[in-house]
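Data first, discussion second: the structure below is written as structure tokens.
The values are calculated or read from the model by the stated rules, or taken from the named source; none is laboratory data. For clarity, every value in this text was computed on a predicted model and none was experimentally measured. Note: ideal-geometry Cβ built from the backbone for every residue, glycine included; neighbour counts use all protein chains shown. These area figures cover heavy atoms from the full protein model, side chains too; ligands, DNA and RNA do not enter into them. Shrake-Rupley method; radii C 1.70, N 1.55, O 1.52, S 1.80 Å.
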Amino acid sequence: MRRSLQIVLAAIALSIVLPLFMSLYMLRLLILTYMFVILAISWNVIGGYAKYLSLGQTVFLGITAYTSTMLFVYLGITPWLGMFVGILMSVAIAAVIGFLTFKLRDAFFALTSIAIIQVFRLLALYFKSYTGGARGIILQPRNDPINFMFLDILPYYYISLGFLVFSILLAYFLDKGKLGYYLKAIGDDELACEAIGINTLKYKIYAFMLSALIAAPVGTLYAQYIMYVTPDGVFSFPHSIKVAVMAIIGGSGTLLGPIIGASILIPLEQILTVYFSGVYGLNLVIYGVLLILVMRVIPGGIIEPLENFVKGMIKNMDAGVRETSGESLKEEKEVGG
Amino acid sequence: MVDVNLAQAIVNGLMLGGIYMALAVGLNVIFGVVKIVNFAQGEFLMLSMYSVYWLYALIYLDPILSIVLNIPISIFVGWVTFKYLVKDVVEKGDYVHIALTLGVSFMFIGLAQIFWKPIYRGIPTEYATWAISLGGVNIGVTQLLILLYGLFSAIILSIFFRWTDTGRAMRAVSQDVMASMLMGVNITKMYTLAWIIGILVTSLAGNFLATFYYIHPNVGQDIFLYAWFVVVFGGLGSHIGAVIGSIILGIVQSVATMYISADLSLVIVFLVFILLLLFRPEGLLGREVRK
Amino acid sequence: MMTDILNVRGITKRFGGLVALNKVTMDVHEGEILGLMGPNGSGKTTLVNVISGIYKADSGQVIYMGRDVTNLPPHKRVELGIARTFQTPRPFNSLTVLENVMMPILHFGHEPDVRGTAYKLLEFVGLEKYAESPIGKLNLAMRKKLDLARALGTKPKILMIDEIAAGLSEGEVNDMANLLMSIRDSGVTLLVIEHVIFFLRKLCDRVVVLDEGVKIAEGDVEEVIRMQEVISAYIGEVIE
Ligand SMILES: Nc1ncnc2c1ncn2[C@@H]1O[C@H](COP(=O)(O)OP(=O)(O)OP(=O)(O)O)[C@@H](O)[C@H]1O
Ligand SMILES: [Mg+2]
């Protein structure tokens, strides 16, 4: 436990200091990776723990992106504030969608989640006079921190780092807390949950709201970072699938799985596009093959072998240092009340 | 007097329905028997369209005539994918099924993009422009063909499931695996067969579709969701339902596009889909929780 | 006057054309052990599913402690004190054995020491050795006991137990009967579904017999198994 705390603190320190010395390209890559890690974490709450395969997860990103951007463009409200309005809307919409769709299971929930994100995308396309239709809303770059706009990239980096830490904290408390247990139990057997008195619908809705809360801030960050919002960019079915796939490959229903999945796959994808520019589709093949392999060989995701490996290493290290307490190996399984 | 434009929109919708029908019938067989939600179904259509395309581009084989070659190719593709990708996970539940078939779908789309580039291709056939004119309403011959193919495959499969021993055994498997196992039905064989039939029906639609539709790595994805709509709408496992569902979806889409807007017509389609799932789930899901 | 904890009033449940329960009426007295028997497919599990709210009956009512609970969702009924086990146990596979039993205790929050209470329940059913094990380590009989411990964790007033003795050896059946009797002695009313007659004989104050969804007999175990209707319902099956 103490060792993991040390590791976490070291990681945070590094991610604060290192970027000062990084190239623009590296920073862009990190920001992109952080955003996808956050989305994968958000997906994991509902898709990993509760096993409701949401394939429209970026809908919350889109709602917040459009909300804060439109509030800014039409009413001059700073995106910092607009972001909170967007988050509130996302969470509220998650509650409504959840209430309506959580009686569907498995494939039907998955299909419905696709249909829902399509509805949002098409509505954003249709109401051209407000949303700019397919071309979207474009922001003019300027240095204006009050309005969430920077010419330098570092502020964006630190903001995304902040959001990342926030989402990991939420995920941590979820994993260790009561809701996490409920969701795992729901993922295992919903009927058995009802049979011991758990109101499954209620906790699924909570989970979806939490999931929206985690994903939503990325919407404003994304809009302010790339300076435009389009229906295809934010209400994106391909991105939504990708988010789910990264979490599953990393290890769904675990704290670290989605983080690992996204932090391996996004950089890998970016590196491939650099080295094999012109070869379209290579990233899809890699996603596809990894997904097939994971489902067939290690359904727990790559976190499974990785965890064993790391545990083995720590064991060896501890044996070397001859630490007296065996505590560091024991996963703390305390259930919060 | 019926408005000619409206009549034309309805006819176009009917033809559009033919495309959905062909895909939905295949989905239905696989979902009905193997109980797999195949997210890669559209990609089998896409692959088939490419094989039709290359048979045309390389040896100048007419897309409709190439059915003769496409039958063994599709059977082979179905057999290989079942044996090496799907077979071991049949028992594993929707979650694994969806993730695995999503993986297959990604892989196929990616491969198609690598080998054939994400560019729109088409096969310029002579008969692509042929049309039958009925009182000012034009019916494209190629579109008519795919509609007929959809109807034909639905009818053939209904007959197969009702009147042949294999078909009946398959239906038994779809209703109660344990019971059919005890009756001595070879479950794995039935699954393999159903999977191959599902892939074959969808793939051959590619022959007809390629005569007038664009060929692109994403073509399957674009149609897939609508095919699911049809399957859910028509009632899972019901071929007649799939036929009716396809026609309704096609017509609604086409008429709404004409009178409202293309985007909004799709919104309507998706909303109907969601509402349908929400308010008739038992009837449409067709499987209640046991014990 | 005996008070009833549960009244089942004219429950009918259909699956398509099949009538799984046909106007079943029965009362469960507070503090008794009531046996529910009947050949395979006679509707016993379906009745438990209707009482626990997992299935909605097509007609009829379920009255619990004088209150109509027919339209309550399952989890609400558990809150009121109606618990059940499953014929095929349904453990939470991603949790350990102990965590499985902790779930209801955690949920109801009436015990400060969640872990300790769960452990005591595991001791009670004899699974304490497996507390930290994954579910995969348990055989069928153990899973049934886990199901029982988990149901007890909801602090039920009436507990419905669906075929817990099936597959146990004779000695184990005896132990199980003693276990159930001590549950009853702690104030829980039991509705016990079982095929094993000597188990019912040892355990039950009364039995109700279902056949093809119809209640065909009710009363003392010894009397009931000698009734002509019951014997002919069981034709083709071994009654003892
Ligand atoms: N979910 C369901 N869908 C369709 N039919 C069902 C369902 N559940 C039960 N049945 C049918 O209802 C009838 C009663 O089943 P039930 O499981 O209640 O019997 P049982 O008395 O518990 O039998 P057993 O002793 O084998 O457990 C059977 O014919 C069964 O096939
Ligand atoms: Mg039963």
Quiz prompt | Pick from region C:35-47, criterion under 13 Å from the mean Cα position of the chain (by Cα) and near ligand 1 (Cβ under 8 Å from one of its atoms), ranking: nearest to residue C:204 (Cα to Cα) | solution = C:44
Quiz item: Taking region A:227-262 only, how many residues are open to solvent by 20 Å² or more (accessible area, probe 1.4 Å) and of a type in the set (Ser, Thr, Tyr)?
Solution: 4
Quiz prompt | Residue in region A:5-41 that is most open to solvent (accessible area, probe 1.4 Å), counting only those that are farther than 18 Å from residue A:260 by Cα and hydroxyl-bearing (Ser, Thr, Tyr) | solution = A:25
Exercise. Please find, within region B:137-180, the residue that is farthest from residue B:63 (Cα to Cα) out of those that are in contact with a helix residue (DSSP H, G or I) (Cβ under 6 Å, 6 or more places away or on another chain) and open to solvent by 50 Å² or more (accessible area, probe 1.4 Å).
Key: B:171
Quiz item: Are there any pairs with C-beta distances below 8 angstrom linking a residue in region B:43-72 that is more than 20 Å from residue B:112 (Cα to Cα) to a residue that is open to solvent by 70 Å² or more (accessible area, probe 1.4 Å), with the two at least 6 apart or on different chains, and if so which?
Solution: B:61/B:69
Exercise. Test residue C:6 against the criterion of being over 22 Å from residue C:177 (Cα atoms), of a type in the set (A, V, I, L, M, F, W, C) and either away from every other protein chain (no Cβ under 14 Å) or more than 15 Å from ligand 1 (Cβ to nearest atom) (or both), and give yes or no.
Key: yes
Quiz prompt | Residues located in region C:49-84, provided they are within 16 Å of ligand 2 (Cβ to nearest atom), within 10 Å of chain A (Cβ to nearest Cβ) and either buried (at least 23 other Cβ atoms within 10 Å of the Cβ) or not aliphatic (A, V, I, L, M) (or both) | solution = C:49, C:52, C:84
Quiz item: Taking into account only those residues within region C:137-166 that are over 15 Å from residue C:90 (Cα atoms), open to solvent by 30 Å² or more (accessible area, probe 1.4 Å) and away from ligand 2 (no atom under 16 Å from the Cβ), which is farthest from the other protein chains (Cβ to nearest Cβ)?
Solution: C:157
Quiz prompt | Subset of region A:173-192 [open to solvent by 10 Å² or more (accessible area, probe 1.4 Å), in contact with a Ser or Thr (Cβ under 6 Å, 6 or more places away or on another chain) and more than 7 Å from every other protein chain (Cβ to nearest Cβ)] | solution = A:190
Practice problem: Note down all Cβ pairs under 8 Å where the first residue falls in region A:111-122 and is within 7 Å of chain B (Cβ to nearest Cβ), the second is open to solvent by 10 Å² or more (accessible area, probe 1.4 Å) and among the small types (Gly, Ala, Ser), and they're at least six residues apart or on different chains. | Solution: none
Quiz item: Got a sec? Which helices (runs of 4 or more DSSP H) wholly within region B:1-118 have at least 3 residues that are within 10 Å of another protein chain (Cβ to nearest Cβ) and either surrounded by fewer than 23 Cβ atoms within 10 Å (Cβ to Cβ) or touching a strand residue (DSSP E or B) at 6+ places or on another chain (Cβ under 6 Å) (or both)?
Solution: B:94-116
Quiz prompt | Failed item in (1) surrounded by 14 or more Cβ atoms within 10 Å (Cβ to Cβ); (2) over 21 Å from residue B:72 (Cβ atoms); (3) of a type in the set (A, V, I, L, M), with residue B:200 passing the rest | solution = (2)
Quiz item: What are the residues in region B:224-266 that are part of a helix (DSSP H, G or I) and hydroxyl-bearing (Ser, Thr, Tyr), if any?
Solution: B:226, B:246, B:254, B:257, B:259, B:265
Exercise. Might you let me know whether region C:116-136 holds any residue that is within 16 Å of ligand 2 (Cβ to nearest atom) and farther than 20 Å from residue A:201 by Cα?
Key: no
Quiz item: Hey, among the residues in region C:10-21 that are more than 8 Å from ligand 1 (Cβ to nearest atom) and among the small types (Gly, Ala, Ser), which one's most open to solvent (accessible area, probe 1.4 Å)?
Solution: C:17
Practice problem: Just name the residue that is nearest to ligand 1 (Cβ to nearest atom) out of those in region C:22-32 that are touching a residue at least 40 places away in the same chain (Cβ under 8 Å) and surrounded by fewer than 23 Cβ atoms within 10 Å (Cβ to Cβ). | Solution: C:22
Quiz item: Is it fair to say residue B:93 is over 20 Å from the mean Cα position of the chain (by Cα) and either at pLDDT 90 or above or small (Gly, Ala, Ser) (or both)?
Solution: yes
Quiz item: Could you say whether any residue in region A:193-201 is surrounded by fewer than 20 Cβ atoms within 10 Å (Cβ to Cβ) and assigned to a loop (DSSP other than H, G, I, E, B)?
Solution: yes
Quiz prompt | Checklist (1) touching a residue at least 12 places away in the same chain (Cβ under 8 Å); (2) within 30 Å of residue B:12 (Cβ to Cβ) applied to residue B:191, failing item | solution = (2)
Quiz item: In region B:119-136, what residues are open to solvent by less than 50 Å² (accessible area, probe 1.4 Å) and either within 12 Å of chain A (Cβ to nearest Cβ) or under 24 Å from residue A:53 (Cβ atoms) (or both)?
Solution: none
Quiz prompt | region A:263-309, subset outside any loop (DSSP other than H, G, I, E, B) and among the hydroxyl-bearing types (Ser, Thr, Tyr), residue nearest to the other protein chains (Cβ to nearest Cβ) | solution = A:287
Exercise. Return only the number of the condition from (1) modelled with pLDDT of 95 or more; (2) within 16 Å of ligand 2 (Cβ to nearest atom); (3) more than 10 Å from chain A (Cβ to nearest Cβ) that residue C:41 does not satisfy.
Key: (1)
Quiz item: Yes or no: residue A:100 within 14 Å of chain B (Cβ to nearest Cβ), within 23 Å of residue B:266 (Cα to Cα) and surrounded by 20 or more Cβ atoms within 10 Å (Cβ to Cβ)?
Solution: no
